[in-house]
1. Excluding same-chain pairs closer than 8 in sequence, count the lysine pairs in segment 3-64 whose Cα atoms lie under 26 Å apart.
2. Taking all protein chains as present, what is the carbon and sulfur share of the accessible area of the chain, in % to the nearest whole number, probe 1.4 Å?
3. Identify the chymotrypsin sites (Phe, Trp or Tyr not before Pro) of the chain meeting these criteria: DSSP loop state and at most 14 other C-beta atoms within 10 Å of the C-beta.
4. Starting from the Kirkwood radius over alpha-carbon pairs of the chain, derive D by Stokes-Einstein at 37 °C in a medium of 0.692 mPa s and give it in µm² s⁻¹.
5. Give the accessible area for Ile60 in Å² (nearest 10); use a 1.4 Å probe, count only protein heavy atoms, and leave out ligands, DNA and RNA.
6. Could you state the accessible area per residue of segment 3-64 in Å², with a 1.4 Å probe and every protein chain left in place?
7. Between 0 and 90 degrees, rounded to the nearest ten: what's the tilt of helix 22-64 against the longest Cα principal axis of the chain?
8. Whole-Hz Karplus ³J(HN,Hα) for segment 14-19, in order, using 6.51 cos²θ - 1.76 cosθ + 1.60 and θ = phi - 60°, x for Gly and Pro?
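The values are calculated or read from the model by the stated rules, or taken from the named source; none is laboratory data. No experiment lies behind these values; they were computed from the predicted model shown. Here the Cβ positions follow ideal geometry from the backbone for every residue, glycine too, while neighbour counts run over all protein chains shown. These area figures cover heavy atoms from the full protein model, side chains too; ligands, DNA and RNA do not enter into them. Shrake-Rupley method; radii C 1.70, N 1.55, O 1.52, S 1.80 Å.
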Amino acid sequence: MMFEPLKETVALLKTYGDKMPEEIHLLLQKLPESWDNNKKLCLRVAESAAPLQAAEAAVIRSKCQ
């Protein structure tokens, strides 16, 4: 749903005779899956960084006291 405007733009360009390479159509089909993979990666990185952030916050708290 998020990428529908891109697909609509490509379709509009096609109505005006502007042909997109097949590679563009393949990328548009794979785009939602790639986006989901990027979101999952972001969550994994945030989870792995959380303990490091907590440790750094503890160090800063101890320095402040």
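1. Numbers: Lys7/Lys19; Lys7/Lys30; Lys7/Lys39; Lys7/Lys40; Lys14/Lys30; Lys19/Lys30; Lys30/Lys39; Lys30/Lys40.
Total qualifying Lys-Lys pairs in segment 3-64 comes to 8.
2. Its accessible area is 63 percent carbon and sulfur atoms.
3. Values: sites: Phe3, Tyr16, Trp35; in loops: Phe3, Tyr16.
Loop-located and lightly packed - Phe3, Tyr16.
4. This corresponds to a translational diffusion coefficient of 213 µm²/s.
5. 90 Å²
6. Working: 5420 Å² over 62 residues.
Roughly 87 Å² per residue, with all protein chains present.
7. 10 degrees
8. Result, rounded to whole Hz: 5, 5, 8, x, 8, 8.
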